[in-house]
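Here is the structure we will look at.
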Amino acid sequence: MAVARTKKIRVAGRLHHRAAVLKRLQELGFVEIETGKALPPADGKWHPTGDAQEQAALEGELVEITAALAVLDRFHPVRPTFIQQFSGIKTMMTPTEYQNCLAREDEAWVAIKLCRRLGEAWAENESRLGQLAGRIQELTPWTALDIPLSAVQKRGPLFLRLIKIPRRYKAEFLKSIEELEKPGAYCEEVSTLGSSSYFFLIYREEQEEKLREVLSACEAQVVEAGGEDRTPADLLEELQKEEAELRQRQAHLEEEIAVLAKKRPMLQALYDDKANRLRRLQVAGELLCSERTFYLEGWITAKNLPRLRSVLRDISPTIYLEAVDPEPDEEVPVELENHPLIRPFEVVVEVYGSPKYGEADPTPALAPFFIVFFGLALADLGYGLALAALCWYLLRTVKMAGMAKKLFTLLFMSGLSSAFFGFLTAGVFGDLISYTPLWFNPTEEPTRLLMVALVLGGVQLYLGVILKAVARIKAGQYWEAIFEEGLWLLFLTSLILLLAYKPLGLEAYAGFFPKLAVGSAIAIMLSRARGEGPFFKRLLRIPAGVFTLYNAVNFFSDLLSYSRLMALGLSGAIIGQVINFFVRMFNPSFRNPIGLLAGLAIFCGGHLLNLLLSVLSSYVHNCRLQYIEFFNKFYEAGGRPFRPLAEQYRYIELDEKGES
């Protein structure tokens, strides 16, 4: 189980079959179509062709549907559940219901047009209400003024003005008006609202300059209240009446939009259908065609090839299909095929990068280490069961696909692993339940946990080197596998035995291990002389083998990185014990309700926070060990993921199980 075997396909057929072929390929969702690269045996008559007008029409329709849905979402939004806040809101319907919605397209377009008209009317109302609110705010201070606004202007030698000044300058302003030279000016206070005072002022033309100085000193503003031939009070009453009518009209508009909200699923289904149709048109527009024929190239996994042949034969027996193995220099899209138990771990590989076609898939190799490392890092029965239960609930209640489903399935399995190791090490929400561990207690024997982590890390690093050797052997590089990875493993093994022969009980061979280390080191240095070139030049490469031996430092550095598993396991367990210590300080019991409530709050909040931090740390550091330490030994990545032409749904979630 690894990288799926992929075939390159070439399809040719009559032009009038092109739409049916693309539609079926999109429904099946297992063919990746190459666009802009196909090169059929051309005679000069092949060219890309597409219906630009139809594409533009579809794009315009999608814009209209989006606008209608935006109106519905504005006035009658769908309230997401707690889970939907993370997974997104989609309308569930069966394929039959979906087709029924599409069959009512005419009805949907009536609703779309009406929705657009109501939205525009509401926006126009809202704009007018905004204008009225501003005008009412302007007129409110002047309601006591009993002259028409049209009279507030220059009349012969007299100026009539409406003045607004800060309230703190009111006394100074009135005093300055009284001190004006004869014949003086007429000033009437109309109102005082908030921090401002409002005045009606009449003065002669020759006092303009002096009054301008007074107004400037008092930070006064000359108010332009409009030129209506009505008093502010009459005008305000008229505007308030209009405002009430507009608000009533807005309420009616919202009621009409509420009725249209019931047709939201129909509009969503129509959008998704037209979006999928647009994708088919875009692909069709990039295919090479002649006057009567179309041609496409693409990729398909070998297991789906018989199904494709059958589908094309059902459309028309005249459609030509050719499937060939990819050329060595072609960039082949990669799809992973693994056992259902291994498949969730693909998310770790996909985040790092897909393997190249022909390269080994590292998923099966990392899966057992990932699950064990996660279990050791969390190692708590309570936390593990809580994580597994949460992921199981989400997988059952939220329809997931792709990386999301793989991730939560991986976390579910990791939770079970954590519960298993927690059971072995007597970890239940820290030390909530005390019993004799079936294996050992990490907080009492941290050195033992460190040794377990280092041994597992050493096994994984050895496996990485072995996988590199296997890759060389598959490529026909037998001697490179022996001299590079083979001698390197022999040298590393000799160093480990030289350092750890006493704990392993191998004192009888103590004299052999130094010789094995020296012999393997010399063999590595001499292996540098292999290859082409004159004999003496190849001999000059031998001293460079010393630098190769220095890589042993990097190996043991990588090995020490696995000590983080001990640190994570200890930190989570100790924090859990500290939380339980604080809980016990409150002596929670039914006879002590305050202590019981405080203890429950600390227990739930503390352990929830510890669970979240521990899960995040376990996942991140586990991935780091795979990416930096393990993959670095053999994995190159750089492959292109398989991206087939498939139906995509933005608003609709088809429930195949709902069909009866």
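Quick one: in segment 196-217, of everything that is polar (S, T, N, Q) and part of a strand (DSSP E or B), which residue is most open to solvent (accessible area, probe 1.4 Å)?
Step one: of segment 196-217, the residues polar (S, T, N, Q) are 196-197, 207, 216.
Cutting the leftovers down to part of a strand (DSSP E or B) gives us 196-197.
On the way: Ser196: 18, Ser197: 0 Å².
In this case the residue turns out to be Ser196.
Within segment 32-42, can one find any residue that is more than 28 Å from Ile257 (Cα to Cα) and at pLDDT 90 or above?
Just the residues of segment 32-42 that are more than 28 Å from Ile257 (Cα to Cα), to begin with: 32-42.
In the following step, the residues that additionally are at pLDDT 90 or above were identified as 32-33.
Among the residues of segment 32-42, at least one is more than 28 Å from Ile257 (Cα to Cα) and at pLDDT 90 or above, which makes the answer yes.
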Legend entry - Residue check for Thr447: hydroxyl-bearing (Ser, Thr, Tyr) and over 23 Å from Asn580 (Cβ atoms): yes
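Just checking, which of Thr397, Thr409, Thr443 is touching a Pro at 6+ places or on another chain (Cβ under 9 Å) and touching a residue at least 40 places away in the same chain (Cβ under 8 Å)? Show your work before the answer.
Numbers: Thr397 fails: touching a Pro at 6+ places or on another chain (Cβ under 9 Å); Thr443 fails: touching a Pro at 6+ places or on another chain (Cβ under 9 Å).
Checking each option against the conditions leaves just Thr409.
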Legend entry - Hits in segment 275-313 (condition: assigned to a loop (DSSP other than H, G, I, E, B) and among the polar types (S, T, N, Q)): Ser290
Inset, instruction - With respect to Glu97, determine if the residue is among the acidic types (Asp, Glu), within 31 Å of the chain's Cα centre (by Cα) and open to solvent by 30 Å² or more (accessible area, probe 1.4 Å). - result: yes
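Where in segment 541-642 are the helices (runs of 4 or more DSSP H), entirely inside, with at least 2 residues that are more than 26 Å from Glu445 (Cβ to Cβ) and among the β-branched types (Val, Ile, Thr)?
Details: elements: 545-549, 551-561, 564-585, 593-624.
So the answer is 545-549, 593-624.
Any chance segment 80-92 includes a residue that's of a type in the set (D, E, K, R), open to solvent by 80 Å² or more (accessible area, probe 1.4 Å) and touching a residue at least 12 places away in the same chain (Cβ under 8 Å)? Break it down stepwise before answering.
The initial filter retains those residues of segment 80-92 that are of a type in the set (D, E, K, R), namely 90.
Subsequent filtering for residues that are open to solvent by 80 Å² or more (accessible area, probe 1.4 Å) retains none.
No, segment 80-92 has no match at all.
Based on what the data block shows, is Arg292 basic (Lys, Arg) and touching a strand residue (DSSP E or B) at 6+ places or on another chain (Cβ under 7 Å)?
On the way: basic (Lys, Arg): yes; touching a strand residue (DSSP E or B) at 6+ places or on another chain (Cβ under 7 Å): yes.
Yes.
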Legend entry - Pair list, Cβ under 7 Å, 6 or more apart: segment 510-539 residue under 18 Å from Leu490 (Cβ atoms) and part of a helix (DSSP H, G or I), other residue of a type in the set (Gly, Ala, Ser) and at pLDDT 80 or above: Phe513/Ser494; Leu516/Ser494; Ala517/Ser494; Ser520/Ser494
Legend entry - Sole exception among (1) in contact with an Asp or Glu (Cβ under 8 Å, 6 or more places away or on another chain); (2) at pLDDT below 90; (3) not polar (S, T, N, Q) for Ala133, by number: (2)
Inset, instruction - Could you pull out the residue among Gly533, Gly519, Gly511 that is surrounded by fewer than 17 Cβ atoms within 10 Å (Cβ to Cβ), at pLDDT 85 or above and over 50 Å from the mean Cα position of the chain (by Cα)? - result: Gly519
Legend entry - Residues located in segment 289-303, provided they are open to solvent by 30 Å² or more (accessible area, probe 1.4 Å) and either of a type in the set (Asp, Glu) or under 19 Å from Glu54 (Cβ atoms) (or both): Glu291
Legend entry - Residue among Val349, Val283, Val311 that is closer than 30 Å to Leu366 by Cβ and open to solvent by less than 30 Å² (accessible area, probe 1.4 Å): Val349
Inset, instruction - May I ask you to verify whether Ile342 is open to solvent by 10 Å² or more (accessible area, probe 1.4 Å) and under 27 Å from the mean Cα position of the chain (by Cα)? - result: yes
Inset, instruction - Filter segment 412-432 for residues that are under 18 Å from Ser571 (Cα atoms) and either open to solvent by 40 Å² or more (accessible area, probe 1.4 Å) or not in a helix (DSSP H, G or I) (or both) and give the result. - result: Phe423, Thr425, Ala426, Gly427, Val428, Phe429, Gly430, Asp431, Leu432
Inset, instruction - Give the residues of segment 479-507 that are modelled with pLDDT of 85 or more, open to solvent by 60 Å² or more (accessible area, probe 1.4 Å) and of a type in the set (D, E, K, R), sorted by residue number. - result: Glu480
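Here are some residues: Arg168, Arg116, Arg128. Which one is of a type outside the set (S, T, N, Q), closer than 30 Å to Leu211 by Cβ, open to solvent by 60 Å² or more (accessible area, probe 1.4 Å) and at pLDDT 90 or above? Reasoning before the result, please.
Details: Arg116 fails: closer than 30 Å to Leu211 by Cβ; Arg128 fails: closer than 30 Å to Leu211 by Cβ.
Arg168 is the lone residue from the list that is of a type outside the set (S, T, N, Q), closer than 30 Å to Leu211 by Cβ, open to solvent by 60 Å² or more (accessible area, probe 1.4 Å) and at pLDDT 90 or above.
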Inset, instruction - Filter segment 144-159 for residues that are open to solvent by less than 60 Å² (accessible area, probe 1.4 Å) and closer than 14 Å to Thr231 by Cβ and give the result. - result: Leu145, Ile147, Pro148, Leu149, Ser150, Ala151, Val152
Inset, instruction - Would you point out which residue out of Gly464, Gly476 is open to solvent by less than 60 Å² (accessible area, probe 1.4 Å) and either of a type in the set (Phe, Trp, Tyr) or outside any helix (DSSP H, G or I) (or both)? - result: Gly476
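Given the condition closer than 30 Å to Leu489 by Cα and surrounded by fewer than 13 Cβ atoms within 10 Å (Cβ to Cβ), answer yes or no: does some residue in segment 606-621 qualify?
Initially, segment 606-621 is screened for residues closer than 30 Å to Leu489 by Cα, giving 618-621.
Still in the running and surrounded by fewer than 13 Cβ atoms within 10 Å (Cβ to Cβ): 620.
For segment 606-621, residues closer than 30 Å to Leu489 by Cα and surrounded by fewer than 13 Cβ atoms within 10 Å (Cβ to Cβ): present.
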Inset, instruction - Could you list, in sequence order, all residues of segment 383-411 that are more than 30 Å from Gly638 (Cβ to Cβ), open to solvent by less than 30 Å² (accessible area, probe 1.4 Å) and either at pLDDT 95 or above or touching an Asp or Glu at 6+ places or on another chain (Cβ under 6 Å) (or both)? - result: Tyr383, Gly384, Leu387, Ala388
Legend entry - Leu416 vs. criteria free of Cβ contacts under 8 Å to residues at least 24 places away in the same chain and among the aliphatic types (A, V, I, L, M): no
Inset, instruction - State which residue is farthest from the chain's Cα centre (by Cα) when the search covers only segment 229-263 and only residues that are among the β-branched types (Val, Ile, Thr) and assigned to a helix (DSSP H, G or I). - result: Val259
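Determine, yes or no, whether Ser176 is open to solvent by less than 50 Å² (accessible area, probe 1.4 Å), touching a helix residue (DSSP H, G or I) at 6+ places or on another chain (Cβ under 9 Å) and assigned to a helix (DSSP H, G or I).
Working: open to solvent by less than 50 Å² (accessible area, probe 1.4 Å): yes; touching a helix residue (DSSP H, G or I) at 6+ places or on another chain (Cβ under 9 Å): yes; assigned to a helix (DSSP H, G or I): yes.
Yes; evaluated as a whole, the condition is true for this residue.
The values are calculated or read from the model by the stated rules, or taken from the named source; none is laboratory data. In this text the structure is predicted, and so the values were computed from the model without any measurement. All Cβ positions, even for glycine, are placed from backbone atoms using ideal geometry, and neighbour counts span all protein chains on display. We work out accessible area using only protein heavy atoms, side chains counted, and drop any ligands, DNA or RNA first. Shrake-Rupley method; radii C 1.70, N 1.55, O 1.52, S 1.80 Å.
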